[in-house]
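Take a look at the structure set out below.
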Amino acid sequence: MTAMIHAEQVTKSFGHHEVLRGIDLTVEAGEVCCLLGPSGSGKSTFLRCVNHLETVSSGRLRVDGQLVGYRESHGRLHELRPREIAARRRDIGMVFQRFNLFPHLSAAANIMEAPMRVRGVSKTDARQQALALLDRVGLADRAEAYPATLSGGQQQRVAIARALAMRPKLMLFDEPTSALDPELVGDVLDVMRSLAAEGMTMVVVTHEMGFAREVADTVVFMDGGVVVEAGQPGQVLVAPREERTRGFLAKVL
Amino acid sequence: MTQPPASLTAVPVRHYGRWITAALAVAATVWLVVTLAASPALEPATVGHYLTQDFILAGVRTTLILTAVAMVLGATGGIVLAVMRLSDNPVLKALAAAFVWLFRGTPLLVQIVFFGFLGALLPRITVRVPLTGTILFDKPTSLVITGTVAAVLALSLNEMAYAAEIVRGGILAVDKGQTEAAHALGMTSAQTLRRIVLPQAMRVIVPPMGNEVITMLKSTALVSVIAGRDLMTAVQGVYAQNYKVIPLLAVAAIWYLALVSVLSIVQILLERRFGRGHHVHTGGAPR
Ligand SMILES: Nc1ncnc2c1ncn2[C@@H]1O[C@H](COP(=O)(O)OP(=O)(O)OP(=O)(O)O)[C@@H](O)[C@H]1O
Ligand SMILES: [Mg+2]
């Protein structure tokens, strides 16, 4: 079986600033991987490379066996056209720190948009699915609400439902609870927990150590654009081998 | 906060200065209106007579059509120009910038006269199939570019330049996270622009575009210099013969005011429509 994500010596530079300096990382299908690391260590950048919101500078990054940004045929690599890049992204869901719901659309319409436009699902089917997903994230009664009228926690749950509507095989979460008031964090984490329990492959950038310890199969600690340490949560969080990991954990715990 | 004791009556601050300036302003306005209205040159009966004459109404209709056509072409072209300027293609970027530079940098009146007299620069308009001698189209310019066509051309090309800047500003005002979210869902750039970015940009675009429509309606008066058959041309045609300049200008002013008032109401309704999802309705709390 191929890994869901396989990164080999992935680097990414913005101008002269090398943000990722050789990431090696494997995420198996069905696995939950939590990415930890200090601010500026490149966690978001790596996540964005996975669904090609950023282009990798060098190294190899495969998602579900396919090289990100390229099509392989007859032993050659062909750079993907914008349309093909868009097609690859359909299968990868992304949840942002600042939700990024579409403010001009109701909660249900936010969820229906991509299935209708991208997958060609009929309006009736898309709506039915949207209502089911809203029910699942505990917001069945807010289908017609506009994002501005929802709390942060509710907005983030709609954003998760929106990503799930594309039936992705991989979900990326970039600090999904960092912008939330503490009392709203729990509802969002509950939704993510249930997703993990269903076997969704997830990469989660988070500072929620409790969530990482309880839900993650692998915890990866990044610093300065490289993976410093990776392993089971019981090992990395409890008995870190690296000095840098220990220093970071001492600060956040 | 301490509550004033109930036994005391609170006396609000008296703004005497405000009252005095307001009274002076009203007095000046009344004096001005009365003096002007008393002028024998105004001839209210003449104004009333011409206000609904057929040729004046025809002029009003042409003015409205010119405004509508020029605005639709201008806004559509403006969106195209704005997207060109924001694209990654340096050639498209430069072309769009040059267009805006040219049409914003010259007076509308010059552009109108220029298109009105295009025949002097380009006597015939000919379209040939390249390399072969076959002629698809060949006519004198003056027959193709009539006064009305010249007016529409000048007004819409000029409007495109202004609309481009307004649309560009609107697109830039939309949070980058919106584009990323749409892309992350697998939407193409075209879908993202049409379904996600432009509808949100509209909120920023509609108010200045409303002003553009009102400006356009009044700018159509300029096409009277090339006999564009608009309201102003109609009015000029009459006062050139009977010298009743003031009453006829009053006729024009009344019509322009009426049309602008209607447009202003439409603008308010549109702004409400595109503001959807942006105001949290909390039962009348101040925004
Ligand atoms: N588009 C960009 N252009 C230039 N530099 C960038 C860009 N995006 C990120 N960077 C830089 O890359 C570095 C890593 O950023 P990144 O957002 O990946 O860090 P992070 O680990 O997610 O941090 P945080 O915990 O603060 O979110 C930072 O120094 C940042 O300034
Ligand atoms: Mg980040």
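The values are calculated or read from the model by the stated rules, or taken from the named source; none is laboratory data. Everything quoted here is computed from the prediction, not taken from an experiment. Cβ atoms come from the backbone with ideal geometry, glycine included; neighbour counts cover every protein chain shown. Just the protein is used for accessible areas: all its heavy atoms, side chains included, with ligands, DNA and RNA removed. Shrake-Rupley method; radii C 1.70, N 1.55, O 1.52, S 1.80 Å.
Could you run through the range A:15-57 and say how many residues are in a loop (DSSP other than H, G, I, E, B), more than 15 Å from ligand 2 (Cβ to nearest atom) and more than 14 Å from every other protein chain (Cβ to nearest Cβ)?
Adding up the residues that qualify gives 8.
In the set A:VAL220, A:VAL188, A:VAL158, which member is within 16 Å of ligand 2 (Cβ to nearest atom) and open to solvent by less than 20 Å² (accessible area, probe 1.4 Å)?
A:VAL220
Between A:PRO168, A:PRO115, which is open to solvent by less than 10 Å² (accessible area, probe 1.4 Å) and within 11 Å of chain B (Cβ to nearest Cβ)?
Going through A:PRO168, A:PRO115 in turn, just one is open to solvent by less than 10 Å² (accessible area, probe 1.4 Å) and within 11 Å of chain B (Cβ to nearest Cβ): A:PRO115.
Condition first: facing chain B (nearest Cβ under 7 Å), under 18 Å from A:GLY153 (Cα atoms) and within 20 Å of the chain's Cα centre (by Cα). Now tell me which residues in the range A:83-112 satisfy that.
A:MET94, A:PHE96, A:ARG98, A:ASN100, A:PHE102
For A:VAL252, indicate whether it is under 20 Å from A:ALA7 (Cα atoms) and within 16 Å of ligand 1 (Cβ to nearest atom).
no
Which one of these is in contact with a strand residue (DSSP E or B) (Cβ under 7 Å, 6 or more places away or on another chain), within 24 Å of A:ALA212 (Cβ to Cβ) and more than 16 Å from ligand 1 (Cβ to nearest atom): A:VAL27, A:VAL10?
None of the others qualify; the one that does is A:VAL27.
Need the failing condition index for A:SER41 against (1) more than 23 Å from A:ARG162 (Cβ to Cβ); (2) away from ligand 1 (no atom under 11 Å from the Cβ); (3) open to solvent by less than 60 Å² (accessible area, probe 1.4 Å), just the number.
(2)
In the range B:106-149, how many residues are closer than 30 Å to B:LEU231 by Cβ, polar (S, T, N, Q) and free of Cβ contacts under 8 Å to residues at least 12 places away in the same chain?
So the answer is 2.
What pairs come out if I take residues in the range B:33-44 that are closer than 7 Å to B:PRO247 by Cα and pair them with residues that are open to solvent by less than 70 Å² (accessible area, probe 1.4 Å) and of a type in the set (Gly, Ala, Ser) whose C-beta lies under 7 Å away, six or more apart or interchain?
Note: pairs meeting the criteria are B:LEU42/B:ALA250.
Six or more apart or on different chains, Cβ atoms under 6 Å: show the pairs whose first residue is in the range B:197-221 and more than 22 Å from B:THR179 (Cβ to Cβ) and whose second is of a type in the set (Asp, Glu) and outside any helix (DSSP H, G or I).
Taking only residues 6 or more apart or on different chains, the pairs are B:THR220/B:ASP230.
What is the number of the single condition among (1) in contact with a strand residue (DSSP E or B) (Cβ under 8 Å, 6 or more places away or on another chain); (2) more than 16 Å from ligand 1 (Cβ to nearest atom); (3) within 30 Å of A:GLN232 (Cα to Cα); (4) open to solvent by 30 Å² or more (accessible area, probe 1.4 Å) that A:GLU84 does not meet?
With (1) in contact with a strand residue (DSSP E or B) (Cβ under 8 Å, 6 or more places away or on another chain); (2) more than 16 Å from ligand 1 (Cβ to nearest atom); (3) within 30 Å of A:GLN232 (Cα to Cα); (4) open to solvent by 30 Å² or more (accessible area, probe 1.4 Å) applied to A:GLU84, the lone miss is (3).
Please note which helices (runs of 4 or more DSSP H) are completely contained in the range B:10-119 and include at least 3 residues that are on the phi < 0 side of the Ramachandran plot and surrounded by 12 or more Cβ atoms within 10 Å (Cβ to Cβ).
Passing ranges, in order: B:44-51, B:54-86, B:90-105, B:108-116.
Filter the range A:124-154 down to residues that are away from chain B (no Cβ under 12 Å) and either surrounded by fewer than 17 Cβ atoms within 10 Å (Cβ to Cβ) or not basic (Lys, Arg) (or both), then give me how many there are.
Within the range A:124-154, residues that are away from chain B (no Cβ under 12 Å) and either surrounded by fewer than 17 Cβ atoms within 10 Å (Cβ to Cβ) or not basic (Lys, Arg) (or both) number 21.
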